[in-house]
Amino acid sequence: MINQELLDIFRVKPGKKVRLAEHDPCWAQTRELKELGKGAVKDRAKEILAQNLAELAEAQELLYADGRYAVLIVFQAMDAAGKDGTIKHVMSGVNPQGCQVFSFKQPSNRELNHNFLWRYTVCLPERGRIGIFNRSYYEDVLVVKVHPQLLDRQKLPPEKRGKAFWAARYEDINALERHLVRNGTRIVKFFLHISKDEQKRRFLERLERPEKNWKFSASDLTERAFWDDYMQAYEDALSATSTEESPWHIVPADHKWVSRAVVADIVAHAVRSLDLAYPEVTEEERRKLMEAKKKLLDE
């Protein structure tokens, strides 16, 4: 398991103003890690990932059997930060029947005819399941805030689109998450923090390696030009929506083995921390089980 003191570095404390420049996207998060060296830290990260994958698989079975809670995992990041790979590796050991992944693209006309939260709420995980949002309702205070002209498609009543407008959206998101938590959904939120230099390196890799060409889109470069605007939008959103019941975690993503180990540890801990138990069998049910066992043995 990852040291709690280190995990606290990643967790955004409620009410704290986030400044992403203060968060290192690399592996050397503390002096102790630097002293250990990259090789040793990488080996330890792989051990932590393997351990948590096994624990998560066991915890998911208990979550499904208990049937009272759901887990929603939210991923937000700049392009090429490794959301898809993190989801693939962290959830590789869980039962697909108990896990659902949703990736949200541009909203359809039907979705635009509803409030901005609607298309996400219809995809929320059922009790007993883990739901993963690869991008989420936070897009509406991130990409939409960077490109406010997108609001024109949302058919909103006429009003000013200044600070009060975005503050109201943060309030709506916080209210939704409070409602979900009160009704048994544990929410775990990750911002995969990649540096601009590392994003450039990964973009170039996608262009230079034919088997990765399909991952590159011209829109990637278009959005990269708004890097500073996105960093400001992320800082505002993380600051306004990291709460006691649904905190954000800023996960260093310049090295994929770091982000995968951190995410796996936090998710496994979140599921384990729920008040889970296998359903108790009543005396009548126990009697029927014994009858069924006897029938099988008598065949």
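Values quoted throughout were computed directly from the atomic coordinates according to the rules given, and no laboratory measurement underlies them. The structure displayed is predicted, hence computed values, not measured ones. We place every Cβ from the backbone using ideal geometry, glycine too, and count neighbours over all the protein chains shown.
Some notes on this structure:
- Cα-based helix-to-principal-axis angle, 38-66 vs the chain, degrees rounded to 10: 50 degrees
- Dipole magnitude of the chain, debye to nearest 20 (Cβ charges: Lys/Arg +1, Asp/Glu -1, about Cα centre): 620 debye
- Relative contact order [Cα under 8 Å, 6+ residues apart], the chain, whole percent: 35 percent
- Positive-pole candidate from ALA237, PRO157, PHE191, dipole of the chain, charges at beta carbon: PRO157
- Largest GNM mean-square fluctuation among ASP79, ASP275, ASP229, using the chain with Cα springs under 10 Å: ASP275.
- Computed from phi, the 3J(HN,Hα) profile of region 72-77 under the Karplus parametrisation 6.51, -1.76, 1.60 (θ = phi - 60°) reads 10, 10, 10, 10, 10, 5 Hz, with x in place of Gly and Pro.
- In plain terms, the chain from LYS200 to THR282 could stretch by 23.5 nm, reckoned as 0.36 nm per residue minus the Cα-Cα distance.
- For the chain, the mean residue ellipticity at 222 nm estimated from helices alone is -15500 deg cm²/dmol, where every DSSP H run of n ≥ 4 contributes -39500 (n - 2.57) and the total is divided by all residues, rounded to the nearest 500.
- Among the trypsin sites (Lys or Arg not before Pro) within region 1-88, those in coil by DSSP and having at most 16 neighbouring Cβ atoms inside 10 Å are LYS16, LYS17, ARG19, ARG68.
- The C-alpha atoms of the chain define a longest principal axis, and helix 256-272 lies at about 40 degrees to it.
- Amide H contacts of VAL188 (H built 1.01 Å from N, under 5 Å, at least 5 apart or other chain): LEU72, ILE73, VAL74
- Rounded to the nearest 10 degrees, the inclination of helix 227-241 to the longest alpha-carbon principal axis of the chain is 50 degrees.
- Convex hull volume per residue for the chain, taking Cα atoms only, in Å³: 190 Å³
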